[in-house]
Amino acid sequence: MKQNTVATLAAMKARGEKISQLTCYDYSTARLMDEVGINTILVGDSLGMTMQGYPDTLPVTVDEMIIYGRSVARACKNTFVVLDMPFMSYQVSPEQALTNAGRMMKEAMVDCVKLEGGKEVCPQIRAITAAGIPVCAHVGMTPQSYHSYGGFKVQGKEEDSARRVLEDALAVQEAGAFAVVLECVPPKLAALITKKLDIITIGIGAGSGCDGQVLVFQDMLGINGDHVPKFVKTFAQVGQIMKRAFQDYDSQVKDGSFPTAKESYSKSDCSDAILSRLDREYNPEEPFKICSVL
Ligand code: KIV
């Protein structure tokens, strides 16, 4: 069994220990996160933007999520893996939600699924959890619905919307979710919700009062382009390091300084005798005939 499970994560909340989560979409990066002890990875549908270059998450499909999810899951010996259900893979009905959640669990071999929404997706959460699949919910600013807010906007600033976010969080808990992401919610509201809930809250742009935190890994490594949301902390300027390395590679290939003997199989090089035979036999003046080699 992994070191991080639904049970150990719940125990961390009970002990007041903070939970770390990062998004990740590939095997090599997931291995690094697993090795350093990140508690949980979210294979978020944010991959539509970070990996596929779409302007939002809406075009992502279940098949695509399975491919990315499987790559991450293969790397995680101890990190708990959450796989996002993409837009329109669960909204239609509880049956649709269960069918897709089941497929994602079987084919990607992740530890749970995540879906966005509050009261309106409770029938879906009930259907999925009744089949023994853990569900992480996601309330506040839910990117799959950003068209209905008119953009990526903080949710819960006024009393009505604060009440709605709190009631959504209580509703998904009641429906059986074991955790809930609070995205772009004012910090004091997120802290209040965390206090009211028995299940784990994971914040993104929701202040320090949540049980855990998640960031998109390209954001925290400075790999993303121009727009960096206010809630992001850049932990290392990996983007600049990568650019420098790409530039060095480009110039060394072009000026011939890469590869050197050190990066070549020089010790097992062909003998001069072989080379001069090949040189004699393959004369560019005579057309090469496949049948002559067969
Ligand atoms: O898709 C995603 O990466 C997410 C996080 C931003 C919470 O849902």
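The values are calculated or read from the model by the stated rules, or taken from the named source; none is laboratory data. Because the structure is a prediction, the values reported are computed rather than measured. Cβ coordinates were reconstructed from backbone atoms using ideal geometry, including for glycine residues, and neighbour counts include every protein chain displayed. Surface areas here come from the heavy atoms of the whole protein model, side chains and all, with no ligands, DNA or RNA. Shrake-Rupley method; radii C 1.70, N 1.55, O 1.52, S 1.80 Å.
Sort Leu98, Leu197 from largest to smallest accessible area, using a 1.4 Å probe on the heavy atoms of the protein chains. Mind showing how you got there, number by number?
Working: Leu98 60, Leu197 5 Å².
Descending order: Leu98, Leu197.
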On average, how much area does the Cα convex hull of the chain cover when viewed from any direction, in nm²?
22.8
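Arranged from highest to lowest average of other beta-carbon atoms within 10 Å per residue, in what order do the peptides 227-239, 182-194, 269-281 appear?
Details: 227-239: 12.6, 182-194: 22.8, 269-281: 9.6.
Result, highest mean Cβ count within 10 Å first: 182-194, 227-239, 269-281.
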Long-range tail of P(r) for the stretch 157-278 (Cα pairs > 18 Å, %)
68
For helix 187-196, what angle does its Cα long axis make with the longest principal axis of the chain, in degrees from 0 to 90 and rounded to 10?
70
Report, ordered by chain and residue number, the aspartates and glutamates lying within cross-link reach of Lys230, taken as a straight Cα distance under 17 Å and ignoring same-chain residues fewer than 8 apart.
Glu183, Asp219
If R₀ is 25 angstrom, what is the calculated FRET efficiency for the pair Lys195 and Lys157, using the beta carbon separation as r and rounding to 0.05?
0.85
Alpha-carbon Rg with Dmax, taken over the stretch 44-186, Å
14.6, 44
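For the peptides 243-250, 142-149, 114-121, what is the packing order when you average, over each peptide's residues, the other Cβ atoms within 10 Å and list the highest mean first?
Values: 243-250: 10.8, 142-149: 15.5, 114-121: 21.0.
Ranked from most to least packed, the peptides come out as 114-121, 142-149, 243-250.
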Toward the positive end of the charge dipole of the stretch 138-294, about the Cα centre and with charges on Cβ (Lys, Arg +1; Asp, Glu -1), which of Pro229, Pro186, Asn283 goes farthest?
Pro186
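Determine the share of the chain's accessible area contributed by carbon and sulfur atoms, expressed in whole percent, with a 1.4 angstrom probe. Intermediate values should be presented prior to the final figure.
Working: 9290 of 16300 Å².
For the chain, the apolar C and S fraction of the accessible surface comes to 57 percent.
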Which of the trypsin sites (Lys or Arg not before Pro) found in the stretch 20-105 are loop residues per DSSP with 15 or fewer other Cβ atoms within 10 Å of their Cβ?
Lys77
Cα-based helix-to-principal-axis angle, 272-281 vs the chain, degrees rounded to 10
80
